[in-house]
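Asks: My questions will all concern the structure given below.
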Amino acid sequence: MKKLFSNLKGDLFGGITAGIVALPLALAFGVSSGLGPSAGLYGAIFISFFAALFGGTDTQISGPTAPMTAVSMVVIASILASNDGDINKALPTILIVFLLAGFFQIGLGILGLGKYIRYIPYPVVSGFMTAIGVIILVTQVLPSVGYYAKEDTQFVEKFKPLAEEIILENILKDEAGEGVLVLENFKETINRAQKTTQADILKESKTLAGKEASGVLGTLKVLPRALKNINWLELILALGTIFIIYGFKRITTAVPSTLVALVVMTSIALGFSLNYRPIEEIPGGFPLPNLEIFTNFNLGSITPYIFTALTLSLLGAIDSLLTSVVADNMTKTKHKPNKELIGQGIGNTIAAVFGGIPGAGATIRTVVNINSGGKTKLSGMIAGIMLLVILLGLGPIASKIPAAVLAGILITVGIGVMDYKGLKAIPNLPKDAKIGPFKVSSEVIIMIVVLLLSTFWNLVYAVGIGLVIASLMFMKKIGDLTGKYSDVKPLKEESWADEKDFPKNLSEEVFIKHIKGPLFFGSTSDFQQLVKQIPNTASTIIIRMEKMQYIDQSGLYALEDILVDLKKDEKNVLLVDLLDQPRYMMERIDIIPDLISEESIFTTFEDCLTWVKQNVKDKF
């Protein structure tokens, strides 16, 4: 407690400044997610306060971030689509997924997995971050030009036949569930269908139109229509916002340019009484918990999203811990990764209960906090309180912010979040893989695959596929590299120093094999050639294993197959200097003693040589 208030003035300035910087981004991320500006603000309030209170990075400022919002957007759109576009029906399920993601983060911290996050390959992170930028950039084009697919009458009209089909399908599903659907008598079906109004069909059509125009592909599909129906006022507001954000930075960075753009453009819109489109209304008063996530809990509704929740938790962990590293470098301190994950998880679970979108440690806000004097957890807690004060005092005014202004802010976020460092490195990365006749960089392949799959298909699966490809390529590289130094394949064995006194008269009867390096999946195919190297005259095979430190399951079964073949050919196998790990593995599947008896295992080559002289006879 004493440490918490040891830097009160600095933490006060740091927290207030970070809170002000977070305001426009919280509103923008809330709108972008699909849950509205209040969800972004609620997420920023609770995550900032509780992640700071329970986290392991003293100067961290947390809240909604671009990557977390992009994944949340996918989750929200998917659950909305399965609930007929009704946000009230979908909201409990959406918040449960966010709650589950928070619980997963707490679990990651408790299990001590925070230190392993750093092993996620850079190309996967790079491709993902660039995809996030592209997604945000492209999806904000439509609100920037004032085009909303649900309000395009001609576009919505196209979906009426499909809307009628879906409504009828839902009626049949409801009847089947109630047990009133009878194939011989459709009177009840006809009766319910007749009660369907044009308003119901129009509502479903608008939902379908909105779904069609969502995401990157959806935006590209309707972009020609949008460009034919540009609302020039909305476009000017968005462009003015972008111009101020980039222009004001050239004057000073003491005041956040995003906040300046928000205030200036909103003031112009209000001052000149422009006929612009405002954001959704932000409810006044203290945020209330959404208890429906507990009272209407349905395990079946969230089962398809468990993997998504896990991905959200991992993404939040990566996002937060990367920011923690930045904070460490600036403050010369050392964060506690597992405690940080627990703090982020607690913040996200509480935010979900109050209807907020999930978040993570935010780099820009954390840097602003440190530069403004923040040093302890109190700074992050003050940032959350600052946002709560703004909500309670300025909620009605914030509701008048133009939607195009937030779209302009998000466009600059999309441009800024892309990994330009990774993109610039593409021409210079070593071409260590081949696709057909072409040489390419394996890291570039991973980056581009993750980028394309994230942008045009699915963010969650893209990361998983990227990790699998990266792991396979890593194993291939390590296999090739280790195989290069693992001597399991030469046909001619070079004698080691202690073999020079080996009896020349027994050279036809005894074959000596050296294994240098691990025997694992990458070298098993070479090792299996051993049988072909053995001359027909050899009745005894000595395998020297003092330099084989490790054997994996693939190597173990390859060795077993060879020993079985040699035993069939009535050849005697002797092992020399068998190390602990290989011996343990061989005992586990009974290679020892079933195929190799204890009497055939020697501690030194000298002992083995003594046995050979006593037991092997010169026949050739």
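The values are calculated or read from the model by the stated rules, or taken from the named source; none is laboratory data. Values in this document were obtained by computation on a predicted structure and should not be read as measured data. Because the Cβ atoms are built from the backbone with ideal geometry, glycine has one as well, and the counts that use them run over all protein chains shown.
Asks: Looking at Ser379, Ser313, Ser324, which is the one that is in contact with a His (Cβ under 9 Å, 6 or more places away or on another chain) and in contact (Cβ under 8 Å) with a residue 40 or more places away in the chain?
Replies: Only one candidate passes the filter, namely Ser324.
Asks: Report yes if Ile110 is more than 22 Å from the chain's Cα centre (by Cα), surrounded by fewer than 17 Cβ atoms within 10 Å (Cβ to Cβ) and hydrophobic (A, V, I, L, M, F, W, C), otherwise no.
Replies: no
Asks: If we scan the stretch 394-408, do we find a residue that is free of Cβ contacts under 8 Å to residues at least 24 places away in the same chain and out of contact with any Pro (no Cβ under 7 Å at 6 or more places or on another chain)?
Replies: Yes, the stretch 394-408 has at least one match.
Asks: Here is a follow-up. Which residue is nearest to Trp611 (Cα to Cα), if the candidates are limited to the stretch 538-555 and must be in a helix (DSSP H, G or I) and either at pLDDT 85 or above or small (Gly, Ala, Ser) (or both)?
Replies: Gly555
Asks: Can you tell me how many residues in the stretch 202-230 are surrounded by 20 or more Cβ atoms within 10 Å (Cβ to Cβ) and not in a helix (DSSP H, G or I)?
Replies: Looking only at that region, the number is 2.
Asks: So, Ile167, is that one among the β-branched types (Val, Ile, Thr), over 27 Å from Ala238 (Cα atoms) and assigned to a helix (DSSP H, G or I) or not?
Replies: Answer is yes for this residue.
Asks: I would also like to ask the following. Pick out the one residue from Thr266, Thr241 that is over 30 Å from Gly464 (Cβ atoms) and more than 34 Å from the chain's Cα centre (by Cα).
Replies: Checking each option against the conditions leaves just Thr266.
Asks: Hey, another quick one. If Thr59 satisfies every condition in (1) in a helix (DSSP H, G or I); (2) touching a helix residue (DSSP H, G or I) at 6+ places or on another chain (Cβ under 6 Å) but one, which is the exception?
Replies: Tallying (1) in a helix (DSSP H, G or I); (2) touching a helix residue (DSSP H, G or I) at 6+ places or on another chain (Cβ under 6 Å), Thr59 fails exactly one: (1).
Asks: Taking helices (runs of 4 or more DSSP H) that fall entirely within the stretch 250-360, which contain at least 2 residues that are under 28 Å from Gly393 (Cα atoms) and out of contact with any helix residue (DSSP H, G or I) (no Cβ under 8 Å at 6 or more places or on another chain)?
Replies: Passing ranges, in order: 257-271.
Asks: Return the only residue of Ala26, Ala77, Ala52 being surrounded by fewer than 24 Cβ atoms within 10 Å (Cβ to Cβ) and assigned to a helix (DSSP H, G or I).
Replies: Ala77
Asks: Determine if the stretch 330-341 includes at least one residue that is within 20 Å of Ala66 (Cβ to Cβ) and touching a strand residue (DSSP E or B) at 6+ places or on another chain (Cβ under 7 Å).
Replies: Looking through the stretch 330-341, none of the residues is within 20 Å of Ala66 (Cβ to Cβ) and touching a strand residue (DSSP E or B) at 6+ places or on another chain (Cβ under 7 Å).
Asks: Criterion first (under 30 Å from Lys332 (Cβ atoms) and surrounded by fewer than 23 Cβ atoms within 10 Å (Cβ to Cβ)) does Leu91 satisfy it?
Replies: So Leu91 does not fit the description; no.
Asks: Taking Val389 and the conditions (1) over 25 Å from the mean Cα position of the chain (by Cα); (2) under 21 Å from Ile279 (Cα atoms); (3) in contact (Cβ under 8 Å) with a residue 40 or more places away in the chain, which numbered condition does it fall short on, given that it satisfies the others?
Replies: (3)
Asks: Based on this model, can you work out whether Ile596 counts as in the same structural domain as Val510 (by TED's automatic domain parsing), buried (at least 19 other Cβ atoms within 10 Å of the Cβ) and not in a helix (DSSP H, G or I)?
Replies: So Ile596 fits the description; yes.
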